[in-house]
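So the structure is just underneath, and the comments pick up after that.
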Amino acid sequence: MLEKYYPYEYVPSVFAIDYEKLYAQGIRGLIFDLDNTLVHHGDPSTPEVDGLFARLHQLGFQTLILSDNSEERILDFLKNIDSPYVAEAGKPDPAACRKSLEMLNLKADQAVVIGDQIFKDIVCANGAGIPSILVHYITVPGQKIGKTRYVEAALLKLFQNGRYDHRLGHIRLKKGEQA
Ligand SMILES: [Mg+2]
(Lines give C-alpha, C1' and ligand atoms only; values in the text may rest on other atoms or scores of the structure.)
Protein backbone atom coordinates (compact mmCIF):
# COMPACT_ATOMS: atom_id res chain seq x y z
CA MET A 1 0.00 0.00 0.00
CA LEU A 2 2.82 2.37 0.83
CA GLU A 3 5.10 0.89 -1.81
CA LYS A 4 4.47 3.71 -4.23
CA TYR A 5 6.25 6.02 -1.78
CA TYR A 6 9.33 3.84 -1.41
CA PRO A 7 12.55 4.50 -3.30
CA TYR A 8 14.92 1.63 -4.13
CA GLU A 9 17.69 3.25 -2.10
CA TYR A 10 18.21 6.30 0.10
CA VAL A 11 21.54 8.14 0.08
CA PRO A 12 22.89 11.34 1.65
CA SER A 13 23.69 13.02 -1.68
CA VAL A 14 24.26 12.53 -5.41
CA PHE A 15 27.95 12.11 -4.55
CA ALA A 16 27.25 9.05 -2.40
CA ILE A 17 26.07 6.81 -5.24
CA ASP A 18 28.19 4.01 -6.69
CA TYR A 19 27.57 4.86 -10.36
CA GLU A 20 30.03 2.23 -11.59
CA LYS A 21 27.95 -0.42 -9.86
CA LEU A 22 24.77 0.94 -11.47
CA TYR A 23 26.42 0.81 -14.87
CA ALA A 24 27.55 -2.78 -14.27
CA GLN A 25 23.88 -3.65 -13.55
CA GLY A 26 22.85 -2.39 -16.98
CA ILE A 27 21.68 1.09 -15.99
CA ARG A 28 22.36 3.49 -18.87
CA GLY A 29 20.20 6.51 -18.09
CA LEU A 30 20.22 8.78 -15.04
CA ILE A 31 17.15 10.99 -14.69
CA PHE A 32 17.96 13.74 -12.19
CA ASP A 33 15.69 16.13 -10.39
CA LEU A 34 17.36 19.53 -10.15
CA ASP A 35 16.35 21.69 -7.17
CA ASN A 36 17.53 20.45 -3.75
CA THR A 37 18.89 17.32 -5.43
CA LEU A 38 21.86 18.65 -7.41
CA VAL A 39 22.04 22.15 -5.95
CA HIS A 40 19.98 24.20 -3.52
CA HIS A 41 16.72 25.49 -5.02
CA GLY A 42 17.44 28.12 -7.66
CA ASP A 43 21.23 27.98 -7.38
CA PRO A 44 23.55 27.69 -10.37
CA SER A 45 25.64 24.57 -10.77
CA THR A 46 28.92 24.11 -8.92
CA PRO A 47 32.30 22.84 -10.15
CA GLU A 48 31.64 19.61 -8.20
CA VAL A 49 28.32 19.01 -9.94
CA ASP A 50 29.76 19.93 -13.35
CA GLY A 51 32.59 17.46 -12.67
CA LEU A 52 30.13 14.75 -11.65
CA PHE A 53 28.22 15.06 -14.93
CA ALA A 54 31.47 14.98 -16.94
CA ARG A 55 32.42 11.78 -15.13
CA LEU A 56 28.99 10.20 -15.63
CA HIS A 57 29.09 10.90 -19.36
CA GLN A 58 32.60 9.47 -19.50
CA LEU A 59 31.36 6.30 -17.80
CA GLY A 60 28.83 5.97 -20.62
CA PHE A 61 25.64 7.20 -18.97
CA GLN A 62 23.03 9.34 -20.62
CA THR A 63 21.66 11.98 -18.27
CA LEU A 64 18.43 13.95 -18.27
CA ILE A 65 17.22 16.76 -16.02
CA LEU A 66 13.56 16.25 -15.08
CA SER A 67 12.29 19.35 -13.32
CA ASP A 68 9.02 21.06 -12.55
CA ASN A 69 10.92 24.33 -12.75
CA SER A 70 11.07 26.57 -15.84
CA GLU A 71 13.20 26.08 -18.92
CA GLU A 72 15.00 29.34 -18.12
CA ARG A 73 16.05 28.04 -14.69
CA ILE A 74 17.22 24.71 -16.11
CA LEU A 75 19.25 26.33 -18.88
CA ASP A 76 20.89 28.59 -16.32
CA PHE A 77 21.92 25.48 -14.37
CA LEU A 78 23.12 23.66 -17.50
CA LYS A 79 25.68 26.30 -18.52
CA ASN A 80 28.60 23.85 -18.27
CA ILE A 81 26.65 20.59 -18.63
CA ASP A 82 25.53 18.98 -21.86
CA SER A 83 22.30 17.17 -21.03
CA PRO A 84 18.75 16.95 -22.35
CA TYR A 85 16.02 18.11 -19.99
CA VAL A 86 12.28 18.25 -19.44
CA ALA A 87 11.02 21.55 -17.97
CA GLU A 88 7.70 22.07 -16.17
CA ALA A 89 7.51 18.30 -16.02
CA GLY A 90 4.39 17.95 -13.86
CA LYS A 91 5.77 15.40 -11.41
CA PRO A 92 4.50 13.16 -9.83
CA ASP A 93 2.50 12.35 -12.98
CA PRO A 94 4.24 9.18 -14.25
CA ALA A 95 3.89 10.59 -17.78
CA ALA A 96 6.83 12.88 -16.93
CA CYS A 97 9.04 9.88 -16.15
CA ARG A 98 7.82 7.94 -19.18
CA LYS A 99 8.62 10.93 -21.41
CA SER A 100 12.17 10.98 -20.02
CA LEU A 101 12.60 7.29 -20.89
CA GLU A 102 11.36 7.94 -24.41
CA MET A 103 13.80 10.82 -24.87
CA LEU A 104 16.67 8.59 -23.73
CA ASN A 105 15.33 5.68 -25.79
CA LEU A 106 15.67 3.34 -22.80
CA LYS A 107 13.46 0.80 -21.07
CA ALA A 108 12.32 1.34 -17.48
CA ASP A 109 14.86 -1.12 -16.06
CA GLN A 110 17.74 0.65 -17.83
CA ALA A 111 17.24 3.95 -16.01
CA VAL A 112 17.17 5.35 -12.50
CA VAL A 113 15.33 8.43 -11.24
CA ILE A 114 17.31 10.42 -8.66
CA GLY A 115 15.51 13.06 -6.61
CA ASP A 116 14.91 14.58 -3.19
CA GLN A 117 11.11 14.45 -2.89
CA ILE A 118 9.10 11.29 -2.20
CA PHE A 119 5.79 12.84 -3.28
CA LYS A 120 7.23 14.13 -6.56
CA ASP A 121 10.28 12.22 -7.76
CA ILE A 122 9.72 8.81 -6.19
CA VAL A 123 5.98 8.59 -6.87
CA CYS A 124 6.64 9.60 -10.51
CA ALA A 125 9.34 6.91 -10.88
CA ASN A 126 7.27 4.18 -9.24
CA GLY A 127 4.27 5.07 -11.40
CA ALA A 128 6.41 4.55 -14.49
CA GLY A 129 8.11 1.43 -13.10
CA ILE A 130 11.56 3.03 -13.00
CA PRO A 131 13.96 2.31 -10.11
CA SER A 132 14.66 5.35 -7.98
CA ILE A 133 17.18 6.76 -5.53
CA LEU A 134 16.06 9.26 -2.93
CA VAL A 135 18.78 11.73 -1.94
CA HIS A 136 18.65 13.74 1.25
CA TYR A 137 17.41 17.22 0.29
CA ILE A 138 19.93 20.04 0.15
CA THR A 139 19.29 22.84 2.63
CA VAL A 140 21.00 26.07 3.55
CA PRO A 141 21.70 27.10 7.16
CA GLY A 142 18.70 28.57 8.95
CA GLN A 143 16.21 27.23 6.44
CA LYS A 144 12.77 26.30 7.76
CA ILE A 145 11.77 22.71 7.05
CA GLY A 146 8.27 22.25 5.64
CA LYS A 147 5.87 19.73 7.19
CA THR A 148 6.02 17.48 4.13
CA ARG A 149 9.60 16.68 5.14
CA TYR A 150 8.35 15.22 8.43
CA VAL A 151 5.90 12.99 6.58
CA GLU A 152 8.73 11.93 4.30
CA ALA A 153 10.92 11.11 7.31
CA ALA A 154 8.17 8.90 8.75
CA LEU A 155 7.78 7.07 5.45
CA LEU A 156 11.53 6.63 5.22
CA LYS A 157 11.61 4.98 8.64
CA LEU A 158 9.06 2.41 7.48
CA PHE A 159 10.92 1.92 4.22
CA GLN A 160 14.26 1.39 5.90
CA ASN A 161 12.83 -1.28 8.19
CA GLY A 162 11.49 -3.29 5.31
CA ARG A 163 12.36 -5.41 2.34
CA TYR A 164 12.13 -2.48 -0.07
CA ASP A 165 15.46 -0.98 0.89
CA HIS A 166 18.60 -1.71 -1.16
CA ARG A 167 16.71 -3.00 -4.18
CA LEU A 168 19.58 -1.74 -6.33
CA GLY A 169 22.00 -3.85 -4.32
CA HIS A 170 23.76 -1.49 -1.90
CA ILE A 171 24.86 1.30 -4.21
CA ARG A 172 25.36 3.73 -1.32
CA LEU A 173 28.98 4.83 -0.97
CA LYS A 174 30.48 5.36 2.43
CA LYS A 175 32.11 8.62 3.42
CA GLY A 176 35.62 8.72 2.02
CA GLU A 177 34.61 6.79 -1.09
CA GLN A 178 32.37 9.56 -2.35
CA ALA A 179 32.43 10.62 -5.94
MG1 LIG B 1 13.70 18.67 -5.85
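The values are calculated or read from the model by the stated rules, or taken from the named source; none is laboratory data. Everything quoted here is computed from the prediction, not taken from an experiment. For neighbour counting, all protein chains shown are included, and Cβ atoms are generated from backbone atoms with ideal geometry for every residue, glycine included. Accessible surface is based on the protein model in full, side chains and every heavy atom, while ligands, DNA and RNA are left aside. Shrake-Rupley method; radii C 1.70, N 1.55, O 1.52, S 1.80 Å.
Relative contact order for region 85-179: 22 percent, from Cα pairs under 8 Å spaced at least 6 residues apart, divided by residue count. Taking a ≥ b ≥ c as the square roots of the eigenvalues of the alpha-carbon gyration tensor, region 133-174 is classed oblate because a/c is 1.5 or more while a/b is no larger than b/c.
Averaging the Cα positions of each part gives two centres, and for region 121-149 and region 60-108 these lie 16 Å apart.
The orientation-averaged projection of the convex hull spanning the C-alpha atoms of the chain amounts to 9.8 square nanometres.
Using C-alpha pairs under 8 Å with a sequence gap of at least 6, the mean separation divided by the residue count of the chain gives a relative contact order of 36 percent.
Exceedance of the 21 Å cut-off in Cα-Cα distance is limited, within the set LYS99/LYS120; LYS4/LYS91; LYS79/LYS174; LYS21/LYS174; LYS120/LYS147, to LYS79/LYS174.
Close amide-amide hydrogen proximity is noted between ILE17 and LEU173, ALA179, each under 5 Å apart and 5 or more residues distant or on a separate chain (H modeled in the peptide plane; Pro and chain starts excluded). Farthest toward the positive end of the dipole of the chain, out of TYR6, LEU134, VAL49, is the Cα of TYR6, where the dipole comes from beta carbon charges about the Cα centre. Solvent exposure of the chain amounts to 50 Å² per residue of accessible area, where only protein heavy atoms count and the probe is 1.4 Å. Label sites at ARG73 and LYS21, each approximated as a point 7 angstrom past Cα along Cα to Cβ, lie 3.2 nm apart. Remark: the Cα gyration tensor places region 1-50 in the oblate category, a/c being 1.5 or greater and a/b not exceeding b/c. Taking packing as the residue-averaged number of other Cβ atoms within 10 angstrom, the listed peptides 30-39, 134-143, 61-70 run from highest to lowest as 30-39, 61-70, 134-143.
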